[in-house]
Amino acid sequence: MTDIQPAKDRILRVVSAICTDGFTAGWRPARRGFETRERLYFDNSERMQVMTESPEAFAIHIETRRIDDNSGPRTLPDACDWSINDLVEFAQQLDDEEVKDLPAAQTGLRPVQTMAAILDGIDDGEWHTIAGIRYRAVSNAGNDPEYEDIVILTKGNEPMDDKWSAETFLEMGR
């Protein structure tokens with residue numbers, strides 16, 4: 001069985017970074033001649049305030065540029081519609097270079113405390129309720145290639161698919 005402690009640590013460090021200064025992943029190849037990267041952060045721009053009717057909302061900004069000249073079209077940030085499982089999966093897919101300079105997990109932040117509790121209850125059947133939805137973490141014991149080492153479940157044993165839950169989760173305690 002795979003040691004999932006490094007994955008837990010990585011997830012908590014990424015959640016901490018998003019809640020404090022934001023997190024920007026590294027550039028990855030996309031369609032021909034372009035590369036993209038994700039920026040996850042809290043956006044208080046006027047555009048986001050109008051869109052979400054909130055003074056500050058969790059946003060995902062996927063930037064695109066041409067590989068040959070490091071310039072190109074940029075996309076506008078949008079309110080993040082990821083599930084909590086999407087967020088956990090994203091953190092596990094990052095390479096070591098993308099997370100090497102992140103500080104330790106900020107355990108004083110409520111979202112980090114909640115995620116730590118969910119991850120600490122892995123495979124023991126413990127459920128945690130966030131905004132009326134029950135979640136639990138399980139390890140990918142069968143090494144199913146469709147999933148990372150840690151999977152967040154909801155509604156029984158189905159993998160997460162509830163839009164906006166990452167936003168709700170990250171906005172806790174801000």
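The values are calculated or read from the model by the stated rules, or taken from the named source; none is laboratory data. Everything numeric in this text was worked out from a predicted model, so none of it was measured. Quick reminder, even Gly has a Cβ in these numbers, built from the backbone with ideal geometry, and neighbours come from all protein chains shown. Keep in mind that these areas ignore ligands, DNA and RNA; they rest on the heavy atoms of the full protein, side chains included. Shrake-Rupley method; radii C 1.70, N 1.55, O 1.52, S 1.80 Å.
Quick notes on this structure:
- Comparing GLN49, GLN92, GLN113 in a Gaussian network model of the chain where C-alpha atoms under 10 Å apart are linked, the largest mean-square fluctuation is found at GLN49.
- Among LEU102, LEU87, LEU40, the largest mean-square fluctuation in a Gaussian network model of the chain, built with springs joining Cα atoms closer than 10 Å, belongs to LEU102.
- Spin-label model, ARG31 to ARG134: label points 7 Å out along the Cα-to-beta-carbon direction sit 4.3 nm apart.
- Pairwise label distance in nanometres, ASP101 with GLU53, each label 7 Å out on the Cα-Cβ vector: 4.0 nm
- Spacing of the modelled spin labels on ARG39 and ASP120, each 7 Å from Cα toward Cβ, amounts to 3.5 nm.
- Length released on extending from THR64 to GLN5, taking residue separation times 0.36 nm less the Cα-Cα span: 18.0 nm
- Gaussian network model of the chain, springs between alpha carbon atoms under 10 Å - residue of PRO111, PRO29, PRO145 with greatest fluctuation: PRO145
- Placing LYS100, LYS8, LYS155 in order of accessible area, with the largest value first and a 1.4 Å probe, yields LYS155, LYS100, LYS8.
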